[in-house]
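The values are calculated or read from the model by the stated rules, or taken from the named source; none is laboratory data. Given the structure is predicted, the values throughout are model-derived calculations rather than measurements. When we count neighbours, we look across all protein chains shown, and the Cβ atoms used for this are built from the backbone with ideal geometry, even at glycine. Ligands, DNA and RNA are stripped out before the accessible areas are found, and what is left, the full protein with its side chains, is counted by its heavy atoms. Shrake-Rupley method; radii C 1.70, N 1.55, O 1.52, S 1.80 Å.
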Amino acid sequence: MKKLLIIGGGTAGTMLANKLAKGLTKELDERSVEITVVSEKDYHVYQPGFLYIPFQLKRPEEIVRPIQDVMDPKIKIILDTATEIKEQQKAVTLKSGKTLSYDYLILATGSHPQPVQIPGLEEAGHMFFTMDSALKLQEEMKKFKGGRVVVAVGLPHKCPVAPLEFVMMFEDWVRKQGIRKETEITYAYPLAGPYGTASVAELATREFEERNINIETFFFMDSVDTKTKELLSMDGRRLPFDLLVAIPPHKGAQIIEKSGFGDGDNWLPTDRHQLNLENHESIFVIGDATNLPISKAGSTAHFESEILAENLIDKLRGGEGNKKYSGKVFCFIETGLDKATYISFAYENPPKPVTPSKMVHYGKVGYNNMHWVNLKGIM
Ligand SMILES: Cc1cc2nc3c(=O)[nH]c(=O)nc-3n(C[C@H](O)[C@H](O)[C@H](O)COP(=O)(O)OP(=O)(O)OC[C@H]3O[C@@H](n4cnc5c(N)ncnc54)[C@H](O)[C@@H]3O)c2cc1C
C-alpha cells in the first residue's frame, strides 16, 4: 500500500487531502493507497473570517467547523502533533509517541504570528490574526470613542492585504459610528508605500489620501512603550496611540525548525513549479509553509493543491507528475465595509486591482461563504 501523509489540517492540507481522495477513489477502495492527515486541532477555522470579528460582522461559530465535517470520509485523520521528520526512515513521529511511515510526505504546517518579537506588543497592542486576538479587539472597539489609532505591519505575514483591508474598514467603521472627526488613523508599513507591489500600493495611497489616513513608511516595528503608549521603530521614531493594531512578523511551524529543512525563520525551500522540498523527491510543501515569493493565502493553497494533487495521483499511477504551478493567486481586498477590489496574479503576472465597488464586495461575501465548498475540493 502506498502511503500519503499530510502534516497540517488547515486550508492547504485539507484542500489537498480532499482533492487526492476524489482523484484516488478506486485506489482508496482497493486499499492500494492510504491518505492520512495529522492535525493538531479537531476543528477547521476559516481564518479570513477573523477580519470581520472586530467589527461584529461575523461570529466565531460561523467560521469554525469540526475537522471530520470538512474532510472526505476516506481520509484517515489523526489528532496529534507531528514532532519529528525522520527522512532516512521515511517516517514522522508524533507527540503521542506513535510513528507514521510514508511514501510521500506533504508539509502543510502553515505560518504563525510572532508577537513575542515585538516586546510590549502582547501587553499593549491588539491584532486579529487569531480567534482570541480578534475577539479581544472586538471588545476594545466596543469601548472606542475616538483617539489615535495606529495600524502597524511586520513582514512577512500571511494574507498580505489583510492589514490594508482592516485599516480601510476601520476608517469606514469610525465614520459610520459618527466618530471620524475624533479619530486620527496612521498606517505604519516597513516599505516605501503602504504595500509591497506597486499597483496595490498606488490604489491604497489614493484611498488613504482621500480618506485622511496617514502613512508612516519604512517603519520597522521595534517595541511598544507600554507606559507612554507609543510604538517604537528600529530607527527611533515613536507613534503615540490610544488603540494599536499590529500584525507581527510570522514564522513557519516549530516542527520545521527541528527538521533542519527550513531557513532561519522555518520557511521551507520549495521548488516554485513542482512544489517539492528542494533536493527531495518524496517530500512536498504546500500553503503558507513554503518560502515561495508569493502571498501566503488560502487562494495560493487552493491553486497549489490543484497542481500537487494531479502530480501526486499521476506519480502513484506510474507517471512523471510534471504539471507546473504558475504562482497563481486571487485575492479580494475590502476597501471599506461595503466596497472591495480584487487582484489576480502569478509569478510572471503582476496584480492590477480593479476600481473598488459594491459588486466586488458582494463577491468577497460570496467567496467567504463558499470556503466550505472550496475546501472539499468540489471547485
Ligand atoms: C485575518 C486573516 C485574513 C485572511 N484573509 C485571506 C483572504 O481573504 N484570502 C486568502 O486567500 N487568504 C486569507 N488569509 C490567509 C489564509 O487563511 C492562509 O493563507 C491559509 O490558511 C494557509 O493555509 P495553510 O494550510 O498553509 O495554513 P493553516 O491554515 O494555518 O494550517 C496549518 C495547520 O497546520 C497545523 N500544524 C502546524 N504544525 C503542526 C504539527 N507539527 N503537527 C500537526 N499539525 C500542525 C496547524 O495547527 C494548522 O492547523 C487570511 C488570514 C488571516 C489570518
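Starting at the first residue of region 289-296, write each ³J(HN,Hα) from the Karplus equation 6.51 cos²θ - 1.76 cosθ + 1.60 with θ = phi - 60°, in whole Hz, x for Gly and Pro.
5, 6, 9, 5, x, 9, 4, 7
Using only Cα atoms, locate the centre of region 2-56 and the centre of region 291-367, then give the distance between them in Å, rounded to an integer.
18
Pop a pseudo-label 7 angstrom from the Cα along the beta-carbon direction at both residue 379 and residue 98 and give the gap in nm to one decimal.
Calculated label separation equals 3.4 nm.
Suppose R0 equals 41 Å. What FRET efficiency, 1/(1 + (r/R0)^6) with r the Cβ-Cβ distance, do residue 175 and residue 234 give to the nearest 0.05?
Numbers: r = 33 Å, r/R0 = 0.80.
So the FRET efficiency works out to roughly 0.80.
Using 7 Å Cα-to-Cβ label points, what is the residue 31/residue 317 separation (nm, one decimal)?
Spacing of the two 7 Å Cα→Cβ label points: 2.4 nm.
Using a probe of 1.4 angstrom, how much of the accessible area of the chain is carbon and sulfur, in percent?
Heavy-atom surface of the chain belonging to carbon and sulfur, 1.4 Å probe: 49 percent.
Per residue, what accessible area does the chain have, given a 1.4 Å probe and all protein chains present, in Å²?
Solvent-accessible surface per residue comes out at 45 Å².
Under DSSP H, which helices of the chain have Cα atoms covering 20 Å or more of the helix axis and a Kyte-Doolittle average no less than 0.0?
For the chain, where a helix must reach 20 Å along its axis and average at least 0.0, the hits are 162-176.
What list of ³J(HN,Hα) values in whole Hz, one per residue of region 115-125 in order, does the Karplus curve 6.51 cos²θ - 1.76 cosθ + 1.60 (θ = phi - 60°) give from phi, with Gly and Pro shown as x?
x, 5, 6, 10, x, x, 5, 5, 6, 10, x
For a label point 7 angstrom out from the Cα of residue 3 toward its Cβ, which stretches of region 93-121 have the backbone nitrogen within less than 16 Å?
93-107
Which far-off residues, 5 or more places away or on another chain, put their amide H under 5 Å from the one on residue 247, with H placed in the peptide plane?
Those lying under 5 Å, H to H, from residue 247 are 152, 153, 154.
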